[in-house]
Structure formats: structure tokens, C-alpha cells
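The values are calculated or read from the model by the stated rules, or taken from the named source; none is laboratory data. The shown structure was predicted, so the numbers you read here are calculated from the model rather than taken from an experiment. Here Cβ is always computed from backbone atoms with ideal geometry, including for glycine, and neighbour counts include all displayed protein chains. For the accessible areas, the whole protein counts, side chains as well, though only heavy atoms, and no ligand, DNA or RNA atoms are used. Shrake-Rupley method; radii C 1.70, N 1.55, O 1.52, S 1.80 Å.
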Amino acid sequence: MSFLIIVLVLAIVISLLLGSITLILSLLRKKKNKVTKRYFLTAIVAFIILIGVSIASSPDDNNSTNEKTEVKQEKSIEKTSDENIKQEKKNEVTSVDWKKEINNIVKTDKTPTEKFDAVEEFVSTYPASEKEVEGFAEDIIKKYQSGNYLDISEKEYLTQIFKSSVVEKNSSEDMKEFAFDYWQVQKYVYRGAEKPNSQFVESNEYQMNKSLQSIK
């Protein structure tokens with residue numbers, strides 16, 4: 001639309017110039033020139049068309065601009081709303097009672113390996129909140145630093161396995177590595193595959209100590 005306006009403006013300017021030149025020549029010759037009238041009529045018609053086009057295009061352009069602005073605002077509101085919903089889901093307290101589930105697993109007649117598998121299956125579907133992950137991370141760090149994290153009951157073993165597994169699946173970098181090493185030690189010692197003072201445990205504790213230095 002703007003290109004058409006430019007063309008019309010140029011046509012008017014050219015018509016006026018030609019008309020003026022013809023008028024001057026006509027006056028000098030003291031003659032009425034029919035061509036002059038033609039140029040002036042053309043200029044007038046072009047001028048009227050230009051005004052009409054400008055009036056017709058202005059509302060459309062304004063409406064188009066307003067529509068684009070409204071679309072951007074709507075998308076921005078939708079994006080903000082989606083982000084808020086996601087954040088609320090992360091921070092909401094889960095309705096699943098994990099303590100009750102761990103107690104139920106402990107009370108079964110299953111073998112340690114089967115109980116471990118049951119805990120891991122529960123973890124795979126557990127909707128941990130962000131606050132819970134942070135709390136579990138603090139718990140396993142404190143338990144490890146207490147020095148007696150392997151001198152515990154079966155219920156406590158399964159609880160520590162649950163917490164460290166949740167943290168490992170929902171963390172990154174050093175915290176993820178610490179939780180994984182902690183989980184491995186709990187897993188193999190609880191199932192009887194390793195002893196608390198074995199080389200395997202010492203190797204994992206060395207890695208956990210390195211991770212803790214970075215976490216701090």
C-alpha cells in the first residue's frame with residue numbers, strides 16, 4: 001500500500017510540473033492550451049485518489065498494528081501463565097505418603113533384594129516436589145557426615161535408599177554424583193553384597209567426599 005502512495009505522489013508532482021510549464025508557455029504565447037487543462041485535471045484526479053487511498057489504508061494499518069500487539073500480549077500472558085503453573089507444580093507438596101509406603105515394604109516377607117526393587121519401583125513413579133528433593137539432599141548429607149550411615153535398621157536402609165534415589169534422579173552435577181555414590185553403598189551393603197569396611201565402600205566414600213567439597 002505504501003508503494004502505491006509513493007507512485008501516486010510522484011505522478012502528482014510530475015503532472016503539476018508539466019502543467020505549470022505548459023501554463024507559463026501558454027501565457028507567454030497568450031494562448032489557451034488545452035493540454036494545460038488536461039494536466040491539471042489529471043493532477044486533481046490523482047490528488048483525490050491519493051486522499052482516498054490514504055484514508056482507506058490508515059485504519060487497516062492501525063488495526064493490523066493493534067492486532068499484532070494484542071497477539072504478542074496474549075502469547076506473553078499465556079507463556080507467563082504456563083511458567084507459573086509449572087512452578088506451582090514443582091513447589092506443591094505431594095499427596096503421596098512415602099513413609100507409609102516404605103513401612104509397608106518393610107513389613108512384607110520379601111527378601112532384601114525384592115524389597116530394594118520395590119523401593120526403586122516406587123521411586124520411579126514418585127512425584128517429588130522441589131522442596132522435597134532439597135530436603136532429602138540435606139538428609140542424606142547429614143546422615144553420611146554422622147559417620148553411622150551404615151549402622152542402621154532395615155527401615156532406615158530402605159528410607160536412605162529411597163531418599164538418595166529421589167535426589168539422584170532430580171539433581172545435577174555434584175549433588176547427583178554424591179547421591180548416586182551414597183545410593184550404591186546403601187544398596188550393596190543392605191543387600192549383603194558388600195561389607196561396611198570393604199574397598200568398594202571406601203572407594204565410594206572417597207568420591208562422596210570429593211563431591212561434598214564441590215557442593216559446599
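Please enumerate the residues belonging to the range 185-212 that are more than 33 Å from the chain's Cα centre (by Cα), open to solvent by less than 40 Å² (accessible area, probe 1.4 Å) and not small (Gly, Ala, Ser).
Val185, Gln186, Lys187, Val189, Tyr190, Val201, Asn204
I'd like to check which helices (runs of 4 or more DSSP H) are fully inside the range 101-188 and have at least 2 residues that are without any contact (Cβ under 8 Å) to a residue 12 or more places away in the chain, within 27 Å of Ser214 (Cβ to Cβ) and out of contact with any Phe, Trp or Tyr (no Cβ under 7 Å at 6 or more places or on another chain).
Filter on the range 101-188 gives 130-146.
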